Every structure is written in structure tokens, then in C-alpha cells.
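Colleague: Here it is, the structure, as C-alpha cells.
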């Protein structure tokens, strides 16, 4: 039987401390406001020990989600490529009320409530999905590698992911490309050449910002991308227009092709779009535009995937928006 001992708690009120001692198991101690709560907890623990299914919850109860997120930041994040974005997510979760909860208290209903609150604040469904994905990685790591027994397993696995709207189908229309490049020329800096480069190569923003001269094989007209979002290096064939852009660029001492960060690319692009009077266009839409143009040039899906780095045809389809009028000529 468990020992129930009355103690003096905060503000002088009485609390009850339950002690469970069983041979072969660490002593279990927990404090409750009432004797009935202590008895109920002790009955559950003793039943689990008797059935041989008991796992200590102490560490899960003493480790807050903010603690786990901070450990993930220190031990795992340095090996990730998208560190800044994940750090922002970790800070946001840590200051939210969910961050103060113990891992043991993070049930599926708690996670679902966090998801709903994020969506009500106006964050995009994709952003909320990224939040849940990060939480899921942290819970899995805690259980599998940190040795923290989670009483409910990974609670995120029981939560429905936010529904993502249909894939964007925004492409450059009418004279938008001309207006965009004209505004970029007026804006100055590297954004103009970067816009053209993105349309010619279908490269991601981060891949463009990380380009280095040493990865260019001018003779073969190929650029190596050693680190990609999917983790698989790829070689991008370069058009005459793409090579022409490189010919206009000065050689930097640090070996990088561009002297601009990924987030700065997006900021400059937004300002250029505003100056050009273009609405609803993001820098990432240029990847959609470039991918669609590759198909319009007659390349097959495997050839396009080799250039863009898409892992599956389903993902490739999301980034491809062919215009019916442009396909007519292929039909004969």
C-alpha cells in the first residue's frame, strides 16, 4: 500500500504526499491538494506496477515544453539549414502558454487548442502545419533519444493537421514580367538579375542566395547545388540567358555569387512588386513560373524534376501551372 502523508503546503494549507515503494522500481512521490486525489493516483501507479506496465513519468512531468524546445535548439538545430525560421517558431511557442506546460500535460486536446489559437490569430494554415511538425519532432526525440517517457505518446500524432488551401497557381500575366524587371532596374542592386535568374533556373530562394562560383561548371553549363531543401544535391543546367546574367556579375572576395540573404531577397521583391503595381505575387511564385515554362518548352516530367529537384510527381504537379492556350500548339 502507498503511504499518504499530510504536509504543510503553500500559505499554510494542508496537502497530501503519496509515497510508493516497490522492489525493483524507483520510489514514486507526488503531492496533491486532497487525500482523495493522492489515493486515486497511488491506485493507478500501483496497478501499473502490478501489471508490469509502469513507466516513470517524473521526467515528463518536470520537463516543460519550453525546456524541450530549448534543448532541441541547442542540440539539433545547429545541423539544420533553416535555422532562423525554426528559431522564430521555437521562441513563439516558448512564450505561449503551451510552453509552460510539462510534456506530460501536453495532451492531444492541448495541441489542438494551440493549433486553433494560432489559426484564429490569422497565421496561414501552412505555418500552423509547420508548427505542429516541429512539435511532433520534439516529442519523438524526447521519447526515442532523450529517454523521456510520454504518458500519452506523441500527442501531435492524434491531432488533425490544418487543411491547406489549393496550391497557388499565380503566374506572370500580360506585361507583368516587363514591368517587374523595369521596376527592379530602378530599384537597383541585385534583385533584377536575381528575378531573371529565378525564372531561368527554377531555383529556390535559399539556393540562389547560397550560390558559389566554385560550383559553376561554365564549360558544361551546369551549376551544382550541394545543399538543397530535400537533402539531395543536384546539378542545374543553365540557359544562355542564365549564363549571360553571370557574365554581368562582379566576383566577390568571399566566393559567393550574390551578396544578399534569402529574407532580403523577399523584402526587395515585395518592394519591386509594389513599385511595379503588381499584386498577389511572391518570389516563390517565380519557381512556379519557371517550372511551368520548362514544361511549355517540351521537357518531360523526369527532365523537369531533375532541374527543379522535386522528389515526387505529385509535388511537381503542385508547382506546375500550364496555360491551356500554350498547350494548344502541342496538340497539332
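Colleague: Looking at the stretch 170-188, which of the residues that are surrounded by 14 or more Cβ atoms within 10 Å (Cβ to Cβ) and not in a helix (DSSP H, G or I) is modelled with the lowest pLDDT?
Modeller: 170
Colleague: Please go through the stretch 147-165 and give me each residue that is surrounded by 15 or more Cβ atoms within 10 Å (Cβ to Cβ) and touching a residue at least 60 places away in the same chain (Cβ under 8 Å), ordered by number.
Modeller: 148, 149, 150 - these are the residues of the stretch 147-165 that are surrounded by 15 or more Cβ atoms within 10 Å (Cβ to Cβ) and touching a residue at least 60 places away in the same chain (Cβ under 8 Å).
Colleague: When you scan the stretch 227-242, how many residues do you find that are in contact with a strand residue (DSSP E or B) (Cβ under 9 Å, 6 or more places away or on another chain) and free of Cβ contacts under 8 Å to residues at least 60 places away in the same chain?
Modeller: 4
Colleague: Moving to a separate point now. When you look at residue 207, is it in contact (Cβ under 8 Å) with a residue 40 or more places away in the chain and within 31 Å of the chain's Cα centre (by Cα), yes or no?
Modeller: No: the conditions fail for residue 207.
Colleague: For the stretch 113-133, indicate whether the set of residues that are outside the structural domain of residue 196 (by TED's automatic domain parsing), farther than 30 Å from residue 279 by Cβ and surrounded by 16 or more Cβ atoms within 10 Å (Cβ to Cβ) is non-empty.
Modeller: Yes: the stretch 113-133 contains one or more residues that are outside the structural domain of residue 196 (by TED's automatic domain parsing), farther than 30 Å from residue 279 by Cβ and surrounded by 16 or more Cβ atoms within 10 Å (Cβ to Cβ).
Colleague: Which one is nearest to residue 163 (Cα to Cα), of the residues in the stretch 134-146 that are surrounded by 13 or more Cβ atoms within 10 Å (Cβ to Cβ) and more than 20 Å from the chain's Cα centre (by Cα)?
Modeller: 143
Colleague: Going through 215, 288 one at a time, which residue ends up being within 18 Å of residue 200 (Cβ to Cβ) and touching a residue at least 24 places away in the same chain (Cβ under 8 Å)? Explain how you work it out, then say what you get.
Modeller: Numbers: 215 fails: touching a residue at least 24 places away in the same chain (Cβ under 8 Å).
The unique qualifying residue is 288.
Colleague: Then there's this: So which pairs qualify, if the first residue must be in the stretch 108-121 and without any contact (Cβ under 8 Å) to a residue 24 or more places away in the chain, the second must be surrounded by fewer than 20 Cβ atoms within 10 Å (Cβ to Cβ) and outside any helix (DSSP H, G or I), the Cβ gap must be under 9 Å, and the two must be at least 6 apart or on different chains?
Modeller: Pairs that qualify, where the first residue is without any contact (Cβ under 8 Å) to a residue 24 or more places away in the chain and the partner is surrounded by fewer than 20 Cβ atoms within 10 Å (Cβ to Cβ) and outside any helix (DSSP H, G or I), are 114/96; 117/96; 118/96.
Colleague: Taking residue 128, is it in a loop (DSSP other than H, G, I, E, B) and either under 20 Å from the mean Cα position of the chain (by Cα) or at pLDDT 90 or above (or both)?
Modeller: no
The values are calculated or read from the model by the stated rules, or taken from the named source; none is laboratory data. Please read all numbers here as calculations on a predicted model, not as lab measurements. Using ideal geometry, Cβ is built from the backbone for each residue, glycine included, and neighbour counts are taken over all protein chains shown.
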